[in-house]
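The values are calculated or read from the model by the stated rules, or taken from the named source; none is laboratory data. Bear in mind the structure is a predicted one, so any value in this text is a computation, not a measurement. A quick note on method: Cβ atoms are made from the backbone with ideal geometry, for glycine too, and the neighbour counts reach across all protein chains shown. Side chains are part of the model used for accessible areas, which takes the heavy atoms of the whole protein and leaves out ligands, DNA and RNA. Shrake-Rupley method; radii C 1.70, N 1.55, O 1.52, S 1.80 Å.
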Amino acid sequence: MTAKTIHEIDKTRRLKLTAGQKFWHYFLAIGFVAVGLISFYLFLESKYDENYIRARTGNQILGSVIFWISLALVVFIIKKRRLRFRQIDVSLSENEFKEKMQLIAEKENWTLSNNNKRFAIFYNGSMWTWGLKMTVLRFEKYILANSICDLDSRVSILNENERNIKKLERGLKKARGKQGL
């Protein structure tokens, strides 16, 4: 992760994904759009083909189109919201940040793949989470955290990501409490 990427994330507050990661992240929404487009094709066929003989009427097919496209839109909005970073107001020095990330990784049994003065990335794969990828960025007065299912692993529908950020916040609060002693 470059300084330019970190600066851009600080402005947008959204996790940047590669093209492949975007595909897998929005895969469910893409699937629903595809079903909606197939239904729309059937609707057009029912309206313009004189020999159209099917069990469903044009209005029933149109209802199906509206349902699938609406469902795709809802899933897209949910998936887009999951890319947002949450701000945690805490001020940590470079060394404190690295130490706290290491302690939290050990306590939660997460793999810490990157841990430097600007950011940390946690991974954890289990049967229940289908692969965690949490990105934590350090700034002078706050930390930005985002947890999504690891897009380089399996596609996931379940969401444990909010819980992971709360675990990070609890770990940072405990660290702040010890600093005050």
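Between the listed residues Thr5, Asn114, Gln60, the Cα displaced farthest toward the positive end of the dipole of region 4-123, a dipole computed from Cβ unit charges relative to the Cα centre, is found at Thr5. When the residues Arg118, Arg138 are ordered by accessible surface, computed with a 1.4 Å probe over the protein chains alone, the sequence from largest down reads Arg118, Arg138.
Ordering Lys98, Lys173 from largest to smallest accessible area (1.4 angstrom probe), what's the sequence? Provide the component values of the computation, followed by the final result.
Numbers: Lys98 85, Lys173 125 Å².
Solvent-accessible surface, decreasing: Lys173, Lys98.
Computed from point charges on the beta carbon alone (+1 for Lys and Arg, -1 for Asp and Glu), the dipole magnitude for region 1-60 about its Cα centre is near 400 Debye. Farthest towards the positive end of the charge dipole of region 1-65, among the residues Ala29, Tyr48, Ala19, is the Cα of Ala19, using unit charges on the Cβ of Lys, Arg, Asp and Glu. Mean separation of Cα pairs under 8 Å and 6 or more residues apart, divided by the residue count, gives region 15-152 a relative contact order of 22 percent. Taking region 70-125 as the region of interest, the number of lysine pairs whose Cα atoms are within less than 24 Å, with members eight or more places apart or on different chains, is 4.
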